[in-house]
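The structure under discussion appears below in the form of structure tokens.
The values are calculated or read from the model by the stated rules, or taken from the named source; none is laboratory data. Predicted, not measured: the structure shown is a model, and the values here were computed from it. When we count neighbours, we look across all protein chains shown, and the Cβ atoms used for this are built from the backbone with ideal geometry, even at glycine. Calculation scope for accessible area: heavy atoms of the full protein, side chains included, ligands and nucleic acids excluded. Shrake-Rupley method; radii C 1.70, N 1.55, O 1.52, S 1.80 Å.
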Amino acid sequence: MLITRSKIYLYEVKNFEGDYYFDNDKFYKIPRQEIINPFHQLSRAESILRQMLLSIGSNTPIESHVVFVHPTFFLYQSPLDIPAIFPNQIERHVSFLMHEAGNVTASERRLASRLVELAKKESPFQKLPEVEYAELDKGITCTACEGLSMRLVKRTCVCGVCGYKESVTTAVLRSISEFQLLFPNERLTTHQIFHWCGELVPKNIIYRVLSTNFKSVGTKKWTHYV
């Protein structure tokens with residue numbers, strides 16, 4: 001992980017050797033040995049990091065990449081928009097980072113120290129319960145009383161129990177992080193998050209939040225976000 005003035009860069013590094021390919025969002029080593037999709041792992045890691053940032057009051061943007069470091073690695077049928085850095089792109093990416101990072105500020109040092117302190121503890125974000133989507137109550141939780149009584153008032157989510165207020169964008173982003181944490185292998189779509197939020201927030205707002213903070217993959221009804 002690299003912290004800069006504008007964002008946090010998060011990397012999932014893989015030393016895969018040989019030829020691989022994508023097929024229907026699954027990851028295979030040729031001829032057809034399915035392995036854990038590293039982009040799903042990256043999504044889960046980003047979700048955990050985002051939860052940690054929210055817990056210390058930070059909304060620093062995150063840019064994530066899977067980095068394939070072995071020089072013999074090759075990925076067939078690679079979508080153009082996947083967050084990947086291939087062996088022949090590493091040097092160029094490092095040069096970009098050297099230009100992007102600049103001098104380390106006191107703010108960046110404080111953020112790094114707080115994340116290190118969190119990492120030293122046994123993180124509660126890594127203890128994932130076994131849950132079934134259909135069994136869970138849907139809606140946006142209140143960060144103050146942890147209830148599911150949030151209602152939408154213009155661009156603000158207001159808790160009907162304790163009166164806590166939160167911008168709709170922040171509330172939706174938090175709900176997305178919770179969904180990714182619990183269901184890392186599920187696709188992130190406008191309809192899915194609309195349902196996860198208890199159909200409280202209109203789909204056009206959820207679409208705006210997703211398209212602004214994530215990368216879209218696919219078109220029309222097959223569109224999802226990573």
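Brief remarks on what is shown
- A compact globular protein would have a Cα radius of gyration near 2.2 N^0.38 Å; the ratio found for the chain is 1.10.
- Principal-axis tilt of helix 203-213 within the chain, Cα atoms, nearest 10 degrees: 40 degrees
- Lys203 accessible area, 1.4 Å probe, all protein chains in place, Å² to nearest 10: 90 Å²
- The charge dipole of the stretch 135-209, taken about its Cα centre with unit charges on the Cβ of Lys, Arg, Asp and Glu (plus for the first two, minus for the last two), comes to roughly 440 debye.
- Fully extending the segment from Asn15 to Val153, taken as 0.36 nm per residue of separation minus the present Cα-Cα distance, adds 44.8 nm.
- Per residue accessible area of the chain, 1.4 Å probe, in Å²: 60 Å²
- Percent of alpha-carbon pairs separated by more than 15 Å within the stretch 150-219: 52 percent
- Between helix 38-55 and the chain there is an angle of about 40 degrees, using the helix long axis and the longest principal axis of the Cα atoms.
- Relative contact order (%) - criterion: Cα under 8 Å, at least six apart; region: the stretch 1-70: 47 percent
- Portion, in percent, of the accessible area of the stretch 14-134 that falls on carbon or sulfur, probe 1.4 Å: 53 percent
- Between 0 and 90°, nearest 10: helix 106-120 axis offset from the chain longest Cα axis: 90 degrees
- Order of exposure, largest accessible area first, which applies to His93, His191, His99 with probe 1.4 Å: His99, His191, His93
- Farthest toward positive dipole pole in the chain [+1 Lys/Arg, -1 Asp/Glu at C-beta], among Val209, Phe16, Val158: Val158
- When cysteine pairs in the chain are screened for C-beta atoms closer than 4.7 angstrom, the residues that find no partner are Cys157, Cys197.
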